[in-house]
Amino acid sequence: MAYKHGVYTQENPTSLATMTQTDSGLIVAFGTAPLHLATNSAGANKPVLCYTYAEAVKQFGYSDDWKKYTLCEAMKSQFALFNMAPIVLVNVLDPSKHSQMITDKATAITNGVATVSDAVMLDTLKVAISAEGTALTKDTDYTAAFDDDGNLVVTVISGGAIPTGTEQLYLSYTMLDPSKVEASDIVGGVDTASGKATGLELMDEIYPRFGIVPGIIIAPGWSSDVNVASVMRAKTSNIDGHFNAICLCDIPTDTVKSYTAAGEWKNKNATAEKNCDMCWPKIKLGTDVYHLSTQLASVMNYTDSQHDDIPYYSPSNKNLQADSAVLDDGTEVYLSSAQAAYLNGQGIVTALNFIGGWKSWGNRTAAYPSNTDVKDNFIVQRRMFNWVGATLITTFWSKIDDPANKRLIETVVDSANIWLNGLTAKGALLGGAVEFRDEDNTTTDLMDGILHFHVKMTPPSPAREIEFVQEYDTSYIATLFA
């Protein structure tokens, strides 16, 4: 040690840890995107974090044909309708698999313009004057761009190699074919040779990629498939080995056409999962038809944003961006409050137009009514447990491999309790506490470096029923003689 002579200072780490703020409802959306319209394509099976609509369109493109390109529905809901950010988008439409080659397609020229409605991958386009002819030069002989409807417009450049009076061009290109995408592409898997994950298997990459805990999984247009929904439910637990999320799934509206049938469908398809919320029917705004799960995810984001990004307010009885509820064939659905309550009693979230316009309606997870544990069958309880768990993990991860001594234990207990007390004061909890108990920590566990902390908390349940009892009081007749 160096020789010292004088006054010196040193610092010890703060005995209280600052609690990290985890995102309560980061949406991870799986589906298909019109990559041919993207200016900086994200490609297939790559999670992309987007904070703006322009950012999403740049990497995925945008089309109003939501049946072909399902991620566009989530983009429209999140950014245009609810002005919420961010969202993680995962496109599974792979141009190397879900496409077809078009060779020498004769395309008529009208007023110097040839138009193609196919989903053309622009970098594969070859334009010729004749079948199997020599390729013309882009931006010298012609220009190629997409119009507002997603059509490819090839415009003849005057003075180029295309003779005046040419009546048609021959176009060869690779065309995206979203009809080739199957439920198995959404489910995904892991390539045994490369180790590359696809589809829902990418959930484990979200936190390592972006440092944000995923909170909500959706797959517009696909979650009504029982196989996709089953894997979505499985992927809500133990994400990246640590975190839990919820998934929002739709009951199909092409075959399930009544509220009673929706309950039967749920029971038949065994969707009693605590981290899953089931939705029925669809909703419509103008000419746009949304899956209820898509808007419900955005409603959750908006509701959380109004309460310090803490998910203790229910998404039920919150405004939807809708002017009607519909089935797949466009038939309008108007539920009475009693019919909507029936769906809620089956663990299904629906849309109700009762007081104040169209609102999401339902507090129960898909676990209800078979699971009677309150932390599992209320949406707010489930989301609060997921969120508190994620916050504790991200906060105290830095303490892993520190000496398992009294100081570490006190730091964890004191820091967590101060935080829980703050949530209680805010009204996000009715109470909460963290304890380090003798009965939970055996000598052999402590010797092996394993510490068990017991967390008790009570998020408030939603006031799902308020009753006023009215009574005729004869004593007030005396006021007639006052």
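The values are calculated or read from the model by the stated rules, or taken from the named source; none is laboratory data. Keep in mind it's a predicted model, so treat the numbers as computed, not measured. All Cβ positions, even for glycine, are placed from backbone atoms using ideal geometry, and neighbour counts span all protein chains on display.
Miscellaneous remarks
- Scope the range 434-464; condition charged (D, E, K, R), assigned to a loop (DSSP other than H, G, I, E, B) and modelled with pLDDT of 95 or more; matching residues: Arg437, Asp448
- Test: residue in the range 418-428 that is closer than 21 Å to Lys375 by Cα, outside any helix (DSSP H, G or I) and among the aliphatic types (A, V, I, L, M): yes
- Among the conditions (1) assigned by TED's automatic domain parsing to the domain that holds Thr444; (2) touching an Asp or Glu at 6+ places or on another chain (Cβ under 6 Å), Glu410 misses just one, which is (2).
- Test: Ala366 is within 21 Å of the chain's Cα centre (by Cα), outside any helix (DSSP H, G or I) and surrounded by 15 or more Cβ atoms within 10 Å (Cβ to Cβ): yes
- Selection within the range 419-432: residues that are surrounded by 15 or more Cβ atoms within 10 Å (Cβ to Cβ) and without any contact (Cβ under 8 Å) to a residue 60 or more places away in the chain. The member of this set that is farthest from Asp304 (Cα to Cα) is Gly432.
- If you go through the range 97-114 and keep only what is of a type in the set (S, T, N, Q) and touching a residue at least 24 places away in the same chain (Cβ under 8 Å), you end up with Ser99, Gln100, Thr103, Thr107.
- Residue, farthest from Leu408 (Cα to Cα), within the range 1-60, restricted to residues that are charged (D, E, K, R) and modelled with pLDDT of 95 or more: Lys58
- Of the residues in the range 437-446, not one is of a type in the set (Ser, Thr, Tyr) and surrounded by 14 or more Cβ atoms within 10 Å (Cβ to Cβ).
- Candidates in the range 398-407 are the residues that are touching a residue at least 24 places away in the same chain (Cβ under 8 Å) and in a helix (DSSP H, G or I); of these, the one that is farthest from Trp387 (Cα to Cα) is Arg407.
- Among the residues listed as Thr143, Thr124, Thr137, the single one being without any contact (Cβ under 8 Å) to a residue 40 or more places away in the chain and in contact with a strand residue (DSSP E or B) (Cβ under 6 Å, 6 or more places away or on another chain): Thr143
- As for the range 405-418, it holds no residue that is surrounded by 14 or more Cβ atoms within 10 Å (Cβ to Cβ), closer than 25 Å to Asp277 by Cβ and out of contact with any Phe, Trp or Tyr (no Cβ under 8 Å at 6 or more places or on another chain).
- Lone qualifier among Tyr290, Tyr312, Tyr259 - being within 15 Å of the chain's Cα centre (by Cα) and in contact (Cβ under 8 Å) with a residue 60 or more places away in the chain: Tyr290
- Residues that are in a helix (DSSP H, G or I) and within 22 Å of the chain's Cα centre (by Cα) within the range 369-381 comprise Lys375, Asp376, Asn377, Ile379, Val380, Gln381, listed in sequence order.
- Any hit, the range 304-312, residues being touching a helix residue (DSSP H, G or I) at 6+ places or on another chain (Cβ under 9 Å), among the hydroxyl-bearing types (Ser, Thr, Tyr) and modelled with pLDDT of 95 or more: yes
- Condition broken by Ile217, with the remaining ones in (1) part of a helix (DSSP H, G or I); (2) of a type outside the set (Phe, Trp, Tyr); (3) in contact with a Cys (Cβ under 8 Å, 6 or more places away or on another chain) satisfied: (1)
- Flag if Thr458 is surrounded by 14 or more Cβ atoms within 10 Å (Cβ to Cβ) and in contact with a Ser or Thr (Cβ under 6 Å, 6 or more places away or on another chain): no
- Subset of the range 340-362 [closer than 16 Å to Gly263 by Cα and modelled with pLDDT under 95]: none
- Among the residues of the range 188-219, those identified as over 25 Å from Met121 (Cα atoms) and either buried (at least 20 other Cβ atoms within 10 Å of the Cβ) or not assigned by TED's automatic domain parsing to the domain that holds Lys274 (or both) are Leu200, Leu202, Met203, Ile206, Tyr207, Val213, Pro214, Gly215, Ile216, Ile217, Ile218.
- Among residues of the range 188-214, those that are without any contact (Cβ under 8 Å) to a residue 40 or more places away in the chain, in a helix (DSSP H, G or I) and in contact with an Asp or Glu (Cβ under 9 Å, 6 or more places away or on another chain), counted: 3
- Subset of the range 141-187 that is under 44 Å from the mean Cα position of the chain (by Cα) and assigned to a loop (DSSP other than H, G, I, E, B) - its residue that is surrounded by the fewest Cβ atoms within 10 Å (Cβ to Cβ): Asp148
Yes or no, residue by residue, for (1) hydrophobic (A, V, I, L, M, F, W, C); (2) on the phi < 0 side of the Ramachandran plot; (3) out of contact with any Asp or Glu (no Cβ under 9 Å at 6 or more places or on another chain):
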position: Pro220; (1), (2), (3): no, yes, no
position: Arg233; (1), (2), (3): no, yes, no
position: Thr236; (1), (2), (3): no, yes, no
position: His242; (1), (2), (3): no, yes, yes
position: Leu248; (1), (2), (3): yes, yes, no
position: Ile251; (1), (2), (3): yes, yes, yes
position: Thr255; (1), (2), (3): no, yes, no
